[in-house]
Amino acid sequence: MTKPDNDHHIDAILRKILAHKAGMSCDDCYDVVDKYADMLRSGQDPESLLPGVKDHLAGCGDCSDEFKALLVILESSETNAPDKPPV
């Protein structure tokens, strides 16, 4: 059985509250999300150097959307990059 939309909204609010209670604000997340994305894409464990980001992204829809958009941009720029830099 699926939850009514109102229950999903309440769940999202609770996750956001818990993420902020854990100590990472949206500003804190924004400051390091690019490093987090780079580490994740390179196969490193970003949580070891940037603790709390993963939990914040899981609980904050706005930051999660920003992070997903960043990943799309990075993937796109990597696939559209020339093989060799111009001389």
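Quick look at the numbers
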| read-out | value |
| --- | --- |
| Length added when fully stretched, H8-A58, from 0.36 nm per residue minus Cα-Cα | 16.6 nm |
| S42-C26 pseudo-label distance in nm [points 7 Å out on the Cα-to-Cβ vector] | 2.9 nm |
| For q = 0.13, 0.14, 0.24 Å⁻¹, Debye-computed log10 I/I(0) when each Cα of the stretch 24-79 counts as one equal scatterer | -0.28, -0.33, -0.94 |
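Rule-based calculations on the coordinates, nothing more; no lab input. The model shown is predicted, which means the values in this text are computed figures rather than measured ones. As a convention, Cβ positions derive from the backbone with ideal geometry for all residues, glycine included, and neighbour counts pool all protein chains shown.
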